[in-house]
Every structure is written in structure tokens, then in C-alpha cells.
Amino acid sequence: MSRRFWVSLVLLLAVVALAGWASYPSTTKIGSRPNILRQGLDLQGGVHLVYELNLSNTKDEDRNQAIESTRRVIERRVNGTGVAEPNIQSGRVGDQQTVMVELPGIKDINEAIQLIGQTAQLDFRETDDGQNWRPTGLTGKQLSRATVTFSPQTNAPQVSLVFNDEGKTLFAELTARNIERPLGIFLDEQILSAPTVQQAITSGEAVISGDFTVQEVKNLVNLLNAGALDVPIKLIQQRSVGATLGEESIKKSLVAGLVGLGLVMIFMLINYRFVGLIANLALLSYALITLALFKIIPVTLTLSGVAGFILSIGMAVDANILIFERLREELKEGKELKIALEESFRRAWSSVRDSNFATLLTCAVLYFTTTGSLKGFAVTLALGVLVSLFSSITLSRAFLRLASFWRLSAQLVRAI
């Protein structure tokens, strides 16, 4: 055995050991980064909301675009709150067009409802007497981005605005003609602040300050960056999903996964004996690495995502079966064990590559053309397939090479 092989083997075992440590339930942090399994709505509970869209003032030819635009704005707003794996889909309830929103693990339901339902129409207004405000044409449409900052004088949280080129020109003209006058900043017809203009501002930047908390500023920034809703919406259904259902689902899924893993391992032992044992070691390593990646990335697990993981368990030994059957043929032809091992991996590789590539291609189609639970299924299945390639080609190969180093284990390998 070459020195390169031993170094590679040590590195592979180190990867498996680290994966085992990361996947262990008590390992909840890696450094300062959280290391936990995220759960979707059906596993940890949350809230299910249905909104009705008011399309009465929308032209028929513009309805589809307005529906999709509203769904995207809601999705951006929800994503800005940090909710993991939300599911936002358009649909119908009777004759009414709706948008369904599922928020797993949400704690403050009223805050989420308020955030989703706001229209976020930002505009700047000027006045001559400080009481009657008139529009200036500068609105949130000219906004490039909004960020959370803190006042250098008071350290109070505030919203910093950066306008696009059109907004920069409008804001410069607006501030130039309103020096020593208040400039009203309105959100949804409610005045947020009315700072007095000291000089013309040509940088295209502005600040919204006031008696805000940090969370209020974050919510406002999220609303402004997400944009305004194209059509009015109304909450028509709200349903809480209990965590008890999630706990029961997790138990059943774990049982299904363990049963599936156990049956696959028994099949490999019966059919391939000692070589099957090696494949089972690689399969256990696969399970540890996959679970560790779920926690580290992190991947939000839903029931469909768990199904993808369970499916990938069976697929994880697919490559091993192809390789082992090829190994049997090579040994029947009277080839030496080491040569037979290399030939079996080399000749089986094209079939293993093509079959797994086809699965990954299907996962890509599911991921980019679907939402919610189907997307979670695609992610877990694709990740499982990639790790299974590593375990079956790299780990199994290393273990078999190691087994061929000793006479007794080499004889057991030949007895495949």
C-alpha cells in the first residue's frame, strides 16, 4: 500500500468522524454557528394563512401578472423575517383568487400577519405651511435599497435610503427648493418623520429617523426592500398547526428510515457477505455525513424532505450493487483481487454516473419549477445522491482496498 493511500484513508475516516460528531443530537453549535435540524411546518408546527386578492380594479389582461407580483412581494417579505422554508402559493377558493402562506415555527403570528398585509407605499411630500402636504413624485419606486443604521449622535436605530438615478435627481431638486422647510416622509398615508431640510442633498441618500425600536426598523427595511403589493389583500383564513402532529410525524419517519436502512443492510449481508458488510459500513458513513450536512447547511426538513432522504438510503447502495456484481464477474474470469477491484470500479463507473446524473437532473427540475415541500424533497434527495456517490465510490473503494491488504480479509472478499 502506498503512502498516498494511507493518507487518503486517514482523511476519509476523519471526515466520517467529524460528520458523526456534527450529526450527534447534543452537538447544537459548531463554534458560534447553530448546528440544529431545521423543521418545516408539518414537523414543528406553525401557522397557515390564506389571503384573498381584490382584483376588481385590475384589468383582465393584467390579472395574472398582478397575482404573481403580489405572491413574490409576500414571499420577499416573509423571507426577510428569517422564517425557514416558507411556502407561498397562489390558488383559488371558490371564485376568489387567493395566496396561501405557510410559516413554520412562527412565534408572533400577529406580527407576521401585520407584516404581510401592509402595502408599504413610501412617498415624500412637501408643504408651505407645515400642515397641508402635497405629493412630489418621489416614492418607493425610485428606491434602490433600504438598510438598518444607527444615528451617530444618539445611537438610535434608523432607516437609511439610497435612491436610483431617477430618485437621486428628484431628491436633489426636492431638497433644493425646500431649504429651511420640513420634508414629510409618509408610509401608507401615515407620516413617519418630517425633518427640516438644511441644504440640498445631491448624494441620493436619505434617513428615516424617529422613536423606533430595532425590530420596527428591521420590519420597515424589509417592507421597503420587498416593495409594495400590487393589489389589496384580505386575510380570510388562519389556522395554527400543532407541534404534536409534527412529533408524531417525526417518530413515524424515523421508524420508516430505520426499517428501510435495516432491510437494505440485511440484503447486502445476505447477498454479498463480507463485501456487504463493507458496503454497510459505507452506508452508515453516508447516513452520518448526510445528516451532518442537513444540520450544517442547514436544510429545512419537511415530511417530503424526510421521504427524499429515506429514498436516497435505498439509492445509496445502488452503486455498490453495480460494483459488486462487476467484481464477481472479474473474479470469475480468474483475475487477481487487486486488479479485479480496480476493474470493477472503473467499468461500473459509467453506469453509476449516468444513473445518478439522471436523478440529479430530475431533482434540479423539481427544485426550479416547484415550491414548498416538493422543493424540500428535491434538495434532500439531491444531497443524498451526491453523498451516496462519495460513500459508494470513495469509502467503499478505500475499505475494499484495505481488506485486500490482509490475507484473511482478502479471502473473504473473494468469496463474494
Open item on the list: For a protection proxy built on the mean count of beta-carbon atoms within 10 angstrom, sort 62-75, 325-338 highest first, please.
Closed with: 62-75, 325-338
Task: Residue-span extension gain [Gln411 to Arg72] - 0.36 nm each, minus C-alpha spacing - done: 115.8 nm
Open item on the list: Rounded to the nearest percent, how much of the accessible area of the chain (1.4 Å probe, protein heavy atoms only) is carbon and sulfur?
Closed with: 56
TODO: Name the helices (complete DSSP H segments) of the chain with a Cα length along the long axis of 15 Å or more and a Kyte-Doolittle mean of at least 0.0, or state none.
DONE: 3-23, 214-226, 243-296, 303-316, 337-369, 373-389
Task: Residues Ile36 and Phe150, FRET efficiency given R0 of 22 Å [Cβ-Cβ distance, rounded to 0.05] - done: 0.15
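Could you give the length gained on full extension between Glu248 and Arg134, defined as 0.36 nm per residue of separation minus the Cα-Cα distance, in nm?
Result for the pair: 35.2 nm of gain on full extension.
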Open item on the list: Placing one identical point scatterer on every Cα of region 131-198 and ignoring solvent, what is log10 I(q)/I(0) from the Debye formula at q = 0.16 Å⁻¹?
Closed with: -0.63
Task: Where only alpha carbons of region 62-188 are counted, the Rg and the Dmax (Å) - done: 18.5, 56
- [ ] Using a 10 Å cut-off on Cβ atoms, rank the peptides 381-390, 142-151 from the highest mean neighbour count down.
- [x] 381-390, 142-151
Task: Label zone at Arg92 (point 7 Å along Cα-to-Cβ), backbone N below 16 Å, region 17-55 - done: 52-55
- [ ] Only helical DSSP H runs with n ≥ 4 go in: add -39500 (n - 2.57) per run for the chain, normalise by residue count and round the 222 nm mean residue ellipticity to 500 deg cm²/dmol.
- [x] -18500 deg cm²/dmol
- [ ] Based solely on C-alpha atoms, express the radius of gyration and the Dmax of region 334-416 in angstrom.
- [x] 17.4, 54
Task: Convex hull volume per residue in cubic angstrom - Cα atoms of region 109-261 - done: 196
TODO: Please give, to one decimal in nm, the separation of the simple spin-label points placed at Val207 and Glu189, each 7 Å out from Cα toward the Cβ.
DONE: 3.1
TODO: Anything over 21 Å Cα to Cα? Flag those among Lys251/Lys295; Lys141/Lys218; Lys59/Lys234; Lys59/Lys375, in the order listed.
DONE: Lys59/Lys375
TODO: Please figure out what share of the DSSP beta bridges in the chain is antiparallel and state it in percent, rounded to the nearest 5.
DONE: 95
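In debye, nearest 20: dipole of region 73-206 around its Cα centre with unit charges on the Cβ of K, R (+) and D, E (-)?
Around 160 debye, computed over region 73-206.
What does the convex hull of the Cα atoms of the chain come to per residue, in Å³, rounded to a whole number?
Enclosed volume per residue, from the Cα hull, is 207 Å³.
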Open item on the list: Just to confirm, what accessible area per residue do you get for the chain at 1.4 Å probe, in whole Å²?
Closed with: 53
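The values are calculated or read from the model by the stated rules, or taken from the named source; none is laboratory data. Worth saying up front: this structure is predicted, and the values here are computed from it rather than measured. Neighbour counts are summed over all protein chains in view; Cβ atoms, including those assigned to glycine, are modelled from backbone coordinates with ideal geometry. For accessibility, only protein heavy atoms count, side chains too; no ligands or nucleic acids. Shrake-Rupley method; radii C 1.70, N 1.55, O 1.52, S 1.80 Å.
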